[in-house]
Amino acid sequence: MTFVPVVYVKGQYNHLITRSLQDLGIESKLLPSSTTPEELERLKADGLVMGGGPQSVRQLENLPRELADAVQLIRGVTLPMLCICVTHQLLAKAFGGETDIAKKPEYGPVEISVDSEDTILTGVGPSFTAWESHTDEVVKSPPGFHLLAHSDNCTAQAMRHENGRIFGVQFHPEVSHTSKGSEIFRNFLQTVRQ
Amino acid sequence: MVNTDKSPTPPISEPRNSGNPSVKNKLSRSASIPSGGWLSAQVQGFHPASFLSAQTAKLREITSGKKAIAAISGGVDSTVATVLAKQALGDNLIPVLIDTGFMRLDEPEKVRAKLSSPPLGIKVRLIHAGGRFLEAVKGTFLAEEKRNKFRETFYQVLKDEAAREGCEFLVQGTIAPDWIETQGGIKTQHNVLEQVGIDPVATYGFKVLEPLADLYKDQVRSVGRQLDLPPDLAGRQPFPGPGLLVRCIGAVTKTKLQVLKSATQLVENKLGPLSYDQYFAAVIENDFSSDPTFKALRDNSAEALGLPTNEVRTDVFEQRVTGVKGDVRSYGRLCGVKLIEESREAYGWLPDKLGRLQSALVEKSQDLTRVAFLVKEKRGGGSLSVVIRAVTTRDFMTAAVAKVPWKVLKDIADSILDIEDVSRVYYDITPKPPGTVEFE
């Protein structure tokens, strides 16, 4: 069976991601962010989802332990990877992008405009309602990444690396109120299985 | 090339954890993955039948013939946990129901009768501990302090019972959001210990068994149906462990509790037939903040609604309420918005506009967590406001404000204003996040 673990970085919805993946018929469980790429290989992981969390990642120095570990993992992993919320911001920072405090934070329902129905956003355009909970945001996407979606308050709601295997989303596809959440996971699993 | 950092990391056999003893605990638990092979294309994901057989086997193995006490409230989580444990342990399970004094009108007796009658036939010992709980929370008004005192009393009562019965284990209906919210510091759920660094064996003399800890509410209900629970029990309206304590916003007084019990009954009777996932009343004193920074909320509200400022009034309650912003607990303010009668009548029917009002206010003021819309008020009335809350949610991790018809809200408000001491009735227009389902 396809196995896609979820890396726990203290977010409320991390465990819910494992449920979303299990509901799609694949195997999933939480792993600590100290897990290494070698361990993932040994566990026969086919892909990886990085969860959200309460932290701010404006400075890569002095990150809390779980996020310092998560940066290592984000840089080291070769599996298809989806980073959600704070790890979406961490992904941006890890590859040379910028985050900052949002001019308008987003809590609860947000309308997502799909700029490109690419890979993980296939079939979810032109727009859908997603739920969010973030005070910081990605203000400059890193080199090698394409922005795929935006909202009124935030330009980087979704991004994809040009290698087509690394994705970041600011919103939460794992919560039941996000209208196209399971489609987005299904699309990601499509990439995982390729 | 993306994977720039190829520096070797030493392999580790044990997951390191970040100083929180619970993380390892929860991480090492497999998230109830059904063991494979028989997954059909139609039924993917969670399987109540295999979940049940795995959990009863596990409970039998762990308890190995020893006695366990089960804390049951009549809610779906603790009822499912108890029935499941009963199947595993038989007469070695001692179910107890604690009357905390914060349950609804006549609830403890009704629940006991319901559980003991067929088809369940579970004999439950009712422990009257209302006085003990009320004494414990006396003089506290901060939400977390109230919750902590409630939890401590709850386990002291169970400790006494377990010792009397010679039970080495406690079975309880903790579900995923309980430990997730406690671990994340959003709010202390009354049934979570290890996550806050309390060793139950050393402190209370029993090991805690939580067969439902990886499940969400909708999954618990499906296990309940699998256990042939009567539909009214499997589908029962959720009620928090600390009950009315956390709906009595701020300090608990006899007057507030009485008002709350009456208002709860009115709201449940009127909203029950509308099938929302949760609906209830809360009560709060009409003490308002004089902080000048909140003055701007009036203009912000008028702007968000497209109304002249003189048609809008905003009152920020002194007593704080619980919310969650950016995955962080926010113990912030509740803003009541009042419109002049004609505008109120128009906007009452426009829940989407009220949603925009809510987000416009919360995104501007860091200290603001929730927004409530005035439904009706009574001039010269008492010193309390009642806030009606109704949401739709699958799993209580996120919640949308229910679109209760304005006419229904007005009818409920009319009856609530007949209660002595109440002068205002609001409707909470805050989703989760940035609010939570309950107020504390």
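What follows is calculated from the coordinates using simple rules that are stated; it is not laboratory data. Because the structure is a prediction, the values reported are computed rather than measured. Quick reminder, even Gly has a Cβ in these numbers, built from the backbone with ideal geometry, and neighbours come from all protein chains shown.
Points to keep in mind about this one:
- Cα gyration tensor, the protein assembly as shown - rounded (a/c under 1.5), prolate or oblate: oblate
- Principal-axis analysis of the Cα atoms of chain B puts helix B:406-417 at an angle of about 90° to the longest axis.
- Taking chain B and dividing mean pair separation by its residue count, relative contact order in percent (alpha carbons under 8 Å, at least six apart): 14 percent
- Annotation: amide H-H contacts under 5 Å for residue B:322 (H modelled 1.01 Å from N, sequence separation of 5 or more, or interchain): B:440.
- Segment residue B:57-residue B:91, extension gain: residue separation times 0.36 nm, minus the distance between their alpha carbons: 10.6 nm
- Average Cα contact separation per residue, chain A, under 8 Å, 6 or more apart, as relative contact order %: 20 percent
- For A:37-48, mean number of other protein chain Cβ atoms within 10 Å: 1
- Figure legend: label point modelled 7 angstrom from the Cα of residue B:394 along Cα→Cβ; residues of the stretch A:165-194 with amide N under 13 Å from it are A:173-186.
- Phi to ³J(HN,Hα) by Karplus 6.51 cos²θ - 1.76 cosθ + 1.60 over the stretch A:105-113, Hz, x for Gly, Pro: x, 10, 10, x, x, 9, 8, 9, 9
- Helices in chain B, meaning DSSP H runs of at least 4 residues, each add -39500 (n - 2.57). Divided by all residues, the mean residue ellipticity at 222 nm is -11500 deg cm²/dmol.
- Residue range of chain A that is longest and free of trypsin sites (Lys or Arg not before Pro) which are both DSSP loop and sparsely packed (at most 15 other C-beta within 10 Å): A:59-194
- 3J(HN,Hα) couplings calculated from phi for the stretch B:114-124 with the Karplus curve 6.51 cos²θ - 1.76 cosθ + 1.60 (θ = phi - 60°) are, in sequence order, 4, 5, 7, 8, x, x, 6, x, 9, 6, 10 Hz; Gly and Pro show x.
- Rounded if a/c under 1.5, otherwise prolate or oblate - the stretch A:37-151, Cα gyration tensor axes: oblate
- Pairs of C-alpha atoms in the stretch B:260-314 farther apart than 19 Å represent 57 percent of all such pairs.
- Take every Cα pair under 8 Å whose residues are at least 6 apart in sequence, average their separation, divide by the length of the stretch B:248-428, and the relative contact order is 26 percent.
- Stretch gain in nm, segment residue B:156-residue B:367, where the contour uses 0.36 nm per residue and the Cα spacing is subtracted: 72.4 nm
- Per-residue mean of foreign Cβ neighbours for A:165-178 is 3 (Cβ atoms of other chains, 10 Å radius).
- Rounded if a/c under 1.5, otherwise prolate or oblate - the stretch B:139-264, Cα gyration tensor axes: oblate
- Computed E for residue B:50/residue B:126 - FRET, C-beta separation, R0 35 angstrom, nearest 0.05: 0.55
- The stretch B:233-249 - phi-based ³J(HN,Hα) in whole Hz, Karplus 6.51/-1.76/1.60, Gly and Pro as x: 8, 5, x, 4, 4, x, 9, x, x, x, x, 5, 4, 8, 9, 9, 5
- Zone residues, the stretch B:399-440, relative to residue B:287, backbone N less than 16 Å from point 7 Å out along Cα-to-Cβ: none
- Amide H contacts under 5 Å for residue B:372, placed H, 5+ residues apart: B:335, B:336, B:337, B:429
- Protection proxy ranking, peptides B:361-371, A:76-86, average beta carbon neighbours within 10 Å, highest first: A:76-86, B:361-371
- Of interest is the spacing of the C-alpha centroids, which for the stretch B:332-354 and the stretch A:1-79 amounts to 42 Å.
- Number of partner chain Cβ atoms within 10 Å, mean per residue of A:19-25: 5
- Take the Cβ atoms of residue A:98 and residue B:237, set R0 to 41 Å, and the FRET efficiency comes out at 0.30.
- Looking at the stretch A:79-175, the GluC sites (Glu not before Pro) that sit in a DSSP loop and have at most 13 other Cβ atoms within 10 Å of their own Cβ are A:162.
- Segment residue A:23..residue A:155, full-extension length gain: 44.5 nm, with 0.36 nm per residue of separation and the alpha-carbon distance subtracted.
- For residue B:421, the amide hydrogen comes within under 5 Å of the amide hydrogens of B:382, counting only partners 5 or more places away or on other chains and with H modelled in the peptide plane.
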